[in-house]
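*Asks:* One structure coming up, written as structure tokens, with questions to follow.
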Amino acid sequence: MTSALAVHGLRKRFGPVEALRGVDLEVGAGELVGLLGPNGAGKSTLVKILVGLVRASDGTAEVNGARAGSSSARAALGYLAELFRFPGWYTADEVLELHQRLAASTGGAAERKRLLELVALDEAADRRVDAMSKGMQQRLGIAQALVGEPRVLLLDEPTSALDPVGRRIVRGLLERLRDRGTSVLLNSHLLSEIELVCDRVAILRGGEVVAAGGPHELAKPRGVELETDLGTHLIEDATREAVPRLVADAVAAGRRVYGVRVLASTLEDVYLEVVGDETT
């Protein structure tokens, strides 16, 4: 099966600076992949190559089996830039109508209504952009990225301007898109959001992928915390499989067991370990 998005040996040089150093990355059909890394890691360069704004120095980048930047690749791709702008005098409905014309979508009013409902803006169809909150504009941006039912979405910081309720709405939307087979590459600095919604994560540093895998696959065990009548004790080398034995040993020794926690590193712990003290 052709990957929805495939990057192999991708390199990009800007004069003496090598922004990407042989990046390999794939996103399968209906897969949500998070892209992480500090400033200068190469994330923006990678995204610009995928949308056809920058040409790679070496390697290949494909969207839905077509060369990145080609008309076929652009037709299969929906994109939300981090710093997007819509005309302030346009209504939400007019913004989507404009992008329907740009994308040659034939969905008409029915598509616009459905997309506004998806991002919880159905009651703001006639509201002007300059009368919207930043969070509402962010959700409208996600709606425009979905015009024409693209097979692949590239979302750059889609929840950065949202409050907790807005983030939950977007998480639910992304999960529904995944269930429909839409593939998503999500670039975000909000590690907690990535951990909650993404199937896999790729961490870039210095133009290279330094860690990749599912959030739970990347996590490392940190031991078992056992709470008894003597207090809380951490058994550092213990794993989940050791819990029954640890509890049985404590009970056999006359202890009262009040709780057990299996500890593992978070995505933030993994990120900081591979990236170090570089700023995000």
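The values are calculated or read from the model by the stated rules, or taken from the named source; none is laboratory data. Predicted model only: the values in this text are computed from it and were never measured. Glycine also receives a Cβ, built like all others from the backbone with ideal geometry; neighbour counts cover every protein chain displayed.
*Asks:* Return the residue satisfying two criteria in turn: it lies in the stretch 27-66 and is surrounded by fewer than 18 Cβ atoms within 10 Å (Cβ to Cβ) and at positive phi, and of such residues it is modelled with the lowest pLDDT.
*Replies:* The selected residue is G40.
*Asks:* In this structure, does R178 turn out to be farther than 17 Å from F84 by Cβ, modelled with pLDDT under 90 and touching a strand residue (DSSP E or B) at 6+ places or on another chain (Cβ under 6 Å)?
*Replies:* yes
*Asks:* I've got another one for you. Out of L35, L20, L10, L53, report the one residue that is closer than 22 Å to D199 by Cα and either of a type in the set (G, A, S) or assigned by TED's automatic domain parsing to the domain that holds S192 (or both).
*Replies:* The match here is L35.
*Asks:* Considering each residue of the stretch 75-117, count those that are modelled with pLDDT of 90 or more, under 26 Å from the mean Cα position of the chain (by Cα) and of a type in the set (K, R), and give that number.
*Replies:* 3
*Asks:* Next question, about the same structure. Just to check your reading of the model, which residue among E268, E236, E273, E241 is exposed (fewer than 14 other Cβ atoms within 10 Å of the Cβ), closer than 18 Å to G214 by Cβ and either aromatic (F, W, Y) or under 36 Å from the mean Cα position of the chain (by Cα) (or both)?
*Replies:* Unique residue meeting the criteria: E268.
*Asks:* State whether one or more residues within the stretch 99-117 are of a type in the set (S, T, Y) and either under 17 Å from R180 (Cβ atoms) or in contact with an Asp or Glu (Cβ under 7 Å, 6 or more places away or on another chain) (or both).
*Replies:* yes
*Asks:* Name the single residue, out of those in the stretch 236-273 being among the β-branched types (V, I, T) and at pLDDT 90 or above, that is farthest from A202 (Cα to Cα).
*Replies:* V251
*Asks:* Which one of V165, V247, V170 is aliphatic (A, V, I, L, M) and in contact with a strand residue (DSSP E or B) (Cβ under 7 Å, 6 or more places away or on another chain)?
*Replies:* V247
*Asks:* Output the residues belonging to the stretch 120-145 that are farther than 14 Å from F84 by Cβ and outside any helix (DSSP H, G or I).
*Replies:* A120, L121, A125, D126, R127, R128, S133
*Asks:* Further question: Helices (runs of 4 or more DSSP H) wholly in the stretch 174-262 with at least 2 residues that are out of contact with any helix residue (DSSP H, G or I) (no Cβ under 6 Å at 6 or more places or on another chain) and of a type outside the set (D, E, K, R) - which ones?
*Replies:* Correct list: 191-197, 243-252.
*Asks:* Only one residue in G148, G223, G166 is under 30 Å from L116 (Cα atoms), modelled with pLDDT under 90 and either small (G, A, S) or in contact with a Cys (Cβ under 6 Å, 6 or more places away or on another chain) (or both), so which one is that?
*Replies:* The unique qualifying residue is G166.
*Asks:* Condition first: touching a strand residue (DSSP E or B) at 6+ places or on another chain (Cβ under 8 Å) and either crowded, with 22+ Cβ neighbours inside 10 Å or not small (G, A, S) (or both). Now tell me which residues in the stretch 7-18 satisfy that.
*Replies:* Those that are touching a strand residue (DSSP E or B) at 6+ places or on another chain (Cβ under 8 Å) and either crowded, with 22+ Cβ neighbours inside 10 Å or not small (G, A, S) (or both): V7, H8, L10, R11, K12, R13, E18.
*Asks:* May I ask you to verify whether P215 is in contact with a Leu (Cβ under 9 Å, 6 or more places away or on another chain), at pLDDT below 85 and crowded, with 19+ Cβ neighbours inside 10 Å?
*Replies:* Against the criterion (in contact with a Leu (Cβ under 9 Å, 6 or more places away or on another chain), at pLDDT below 85 and crowded, with 19+ Cβ neighbours inside 10 Å), P215 qualifies.
*Asks:* Looking at the stretch 126-139, is at least one residue in contact (Cβ under 8 Å) with a residue 40 or more places away in the chain and either surrounded by 21 or more Cβ atoms within 10 Å (Cβ to Cβ) or of a type in the set (S, T, Y) (or both)?
*Replies:* no
*Asks:* Within the stretch 146-171, restricting attention to residues that are of a type outside the set (A, V, I, L, M) and assigned to a helix (DSSP H, G or I), which residue is nearest to L5 (Cα to Cα)?
*Replies:* The selected residue is R171.
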